[in-house]
Structure formats: C-alpha cells, structure tokens
Amino acid sequence: MNFPLFETAKSVEGVTAVDLYAEYPDFDIDIDGEQARLVSHDIIIFQHPFYWYSAPAIMKEWQDLVLEHGFAYGLHGHALNGKTFLNVISTGAKPNAYSKDGMNHSDIRSLLAPFEKTADLCGMLFLAPFVMFGAGRALEDNRLDVHRNAYDDLLKAMVADRFDLKKAAQAAVLTDVLDDFILKGEAV
C-alpha cells in the first residue's frame, strides 16, 4: 500500500518524492547527491512499509552511507540541524497490535525509537508518525482513499507552512488527529 501513498506525495507541488529502489537498483547510492538533496529540503520524510520493526534494506543502506559523521552529526556535522523528520509508514497489523497489551507489546512511536534517535543525533525535530495500520486490508475496508486524502492534506499543510511541527512532535501518532495540527489561515 505504499505505492498509492508515494503517488500521492509525487502529486503535491513542492514535494520531492524519491523512490530509492528505482534510483539505485544496484544500491550504488550517490552520497554527495543525496546529501545535497537533504540540505535543500527542510522536512525529510521516510515513507516505507514497517516490517521487522525497521525499514527496507535500501533505506538502511542509505542511512548508513548518507548520514555520515561530519555531515549529519559529529563535531562538524550540522547539515541537518533544525530540519524536521517524519516517518510515513504502513503496517500489516491493526492499531490495537501496537499497545502494551497488543501483539507487539509496545506503541508504534516506541518501536520507531531508532529513527527518533537518529533524528536527535542529527539535530532534527522528530514528528509523530503518520501510519496506515492494517495496510493489507485498506482497500477492502475502504480506507485507502481516506488515508491518501489525509496524507495529501498533511503534505500540503507542510508545504504551505501551516502545520504545527512542535505540537506534532509531542503526539503519539498523527494519522487520526491531523486536524489538530493543521493550522487554518496564517503560516506557523
């Protein structure tokens, strides 16, 4: 279900959507090019399926190579300071699986701790995730369009600087409470 979300992101003016597998089929990542792309954007979104409590292999490889010492962190690594980081993920399980009493014995934000710690190390503001729970049944349950529309609203609000980033950083999950963070009228 990530492809429809990717298509939504590609359609929003002001958003740069990158398919790492299409761009780097041999995993030969252009580190300088990727670092330049990061520098030129204020908000970095990792959109991916959430499986085995992590991201796809190429995204991990990208992190290992691109977020290097001296660029993203370390004494002289301040290129990402002040930028914003967001996970947009799809899960196979429904929301109740992501609770202390659920199958995963933890909430989704806690399971994303490695991403949050990476954002912290790089001096970035980590936002609560935008999640499509139970993605495998989203189409059958008539949730796909609702989710795509919400993602579209989120991206457009971010591009227009009408999204309360500080408040969104404190939330558990953004998905069902987007209206609490999208500002009407003036930009933040």
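Worth pointing out:
- LYS117 free of Cβ contacts under 8 Å to residues at least 24 places away in the same chain and either under 21 Å from PRO56 (Cα atoms) or surrounded by fewer than 21 Cβ atoms within 10 Å (Cβ to Cβ) (or both): yes
- Residues within region 59-76 that are under 18 Å from ASP30 (Cα atoms), over 15 Å from the mean Cα position of the chain (by Cα) and open to solvent by less than 50 Å² (accessible area, probe 1.4 Å), tallied: 5
- Look at region 124-149: where a residue is open to solvent by 80 Å² or more (accessible area, probe 1.4 Å), no partner that is among the hydroxyl-bearing types (Ser, Thr, Tyr) and at pLDDT below 85 sits 6+ places away or on another chain with Cβ atoms under 8 Å.
- Checking ASN149 against (1) at pLDDT 95 or above; (2) assigned to a helix (DSSP H, G or I), the condition it does not meet: (1)
- Residues in region 25-56 that are free of Cβ contacts under 8 Å to residues at least 12 places away in the same chain, in a helix (DSSP H, G or I) and of a type in the set (A, V, I, L, M, F, W, C): ALA36 only.
- When the residues of region 77-97 are filtered to those that are modelled with pLDDT under 95 and open to solvent by 30 Å² or more (accessible area, probe 1.4 Å), the one that is farthest from HIS41 (Cα to Cα) is ASN96.
- Taken over region 33-66, the residue count meeting the criterion of being in contact with a Ser or Thr (Cβ under 6 Å, 6 or more places away or on another chain) and at pLDDT below 95 is 2.
The values are calculated or read from the model by the stated rules, or taken from the named source; none is laboratory data. Here the structure is a predicted model, which means the values were calculated and not measured. Methodologically, a virtual Cβ is constructed for each residue, glycine included, from the backbone with ideal geometry; neighbour enumeration extends over all protein chains shown. Quick note on the areas: whole protein, heavy atoms, side chains included, nothing else; ligands and nucleic acids left out. Shrake-Rupley method; radii C 1.70, N 1.55, O 1.52, S 1.80 Å.
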